[in-house]
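Here is the structure we will look at.
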């Protein structure tokens, strides 16, 4: 625990946050325990690359009753109960500390309780709080089906080996990487009537929402330009607007993309997204 005092406003904010969390955890525990008969605990045993789960009654010295894969929801419920109970006690201790006007800055009960659980149980739990770091890690690891390339399509690769569709996209991707802004390339986005694949999907860490970047690079081609404007209207019709959850950049043969301006734009974007 840090020893410096926190002011009244900060203390009240933290206490309200803790009280809200305690109430939410207790409400969930009440629902979960209503589906469990008696005092039952979960035991997780690693078996090869997977885990086997057993439910143990109080006082049992054996592994307990094996939970079949088809009944994995039983294991999920028991793991969540254990996590919630541990978190409830940790939050109570944190609340006591705050009531003594001490800072809670060096103690994170949400993360600590999760780390104290075995890996097998941890993977079944839905945490009540996820740090920005963990949220971003999970976001970056998501899998999706990107658009395929035609056989004769030119090869453009970023410095990290991601295939893109133009030299301008190489520049954008490499600048995002250089400034440590993670992105997903051509991740599907579902509109009301169809699915599109934005060039770059970014994550606003502060608000935990995605931002979609479309680069329109052939604006001197009339048909391409009309399609680009129609696509922008479609974004707006589905609730995605410039400076909120969408970014539009443009270029033509007469007015190519400025390396300097893109770099300055991405530097500004970095702060807005919370990196």
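Here is how the number arises for the chain: DSSP H runs of 4 or more residues each give -39500 (n - 2.57), the sum is divided by the residue count, and the result at 222 nm is -14000 deg cm²/dmol. What angle, in degrees between 0 and 90 and rounded to the nearest 10, separates the Cα long axis of helix 167-178 from the longest principal axis of the Cα atoms of the chain? Result, in degrees: 30. Treating each Cα of the stretch 52-199 as an identical point scatterer and summing with the Debye formula, the log10 of I(q)/I(0) at q = 0.12, 0.13 Å⁻¹ comes to -0.81, -0.86. In the chain, the longest principal axis of the Cα atoms and the axis of helix 222-237 are about 30 degrees apart.
By the count of neighbouring beta-carbon atoms within 10 Å, fewest first, 125, 211, 72 end up ordered 72, 125, 211. Which entry is the computed volume of the Cα convex hull per residue in Å³ for this structure: (i) 216; (ii) 119; (iii) 152? Read-out taken from this structure: (i).
With 10 Å bins beginning at zero, the pair-distance distribution over Cα atoms of the stretch 127-224 amounts to 13, 42, 33, 10, 2, 0 %. Note on 66, 212, 53: ascending count of other Cβ atoms within 10 Å places them as 66, 212, 53, the fewest first. As a rough footprinting exposure proxy, the listed residues 128, 89 were ranked by other beta carbons within 10 Å of their own, and the order from fewest upward is 89, 128.
May I ask for the distance between the Cα centers of the stretch 231-275 and the stretch 29-61, given as a whole number of Å? Spelled out, the Cα-based centre of one part sits 50 Å from the other.
Read-outs throughout are calculated quantities, based only on the coordinates presented, and are distinct from any laboratory measurement. Just so it is clear, the structure is predicted and the values come from calculations on it, not from any experiment. Backbone-built Cβ (ideal geometry, glycine too); neighbour counts: all protein chains shown.
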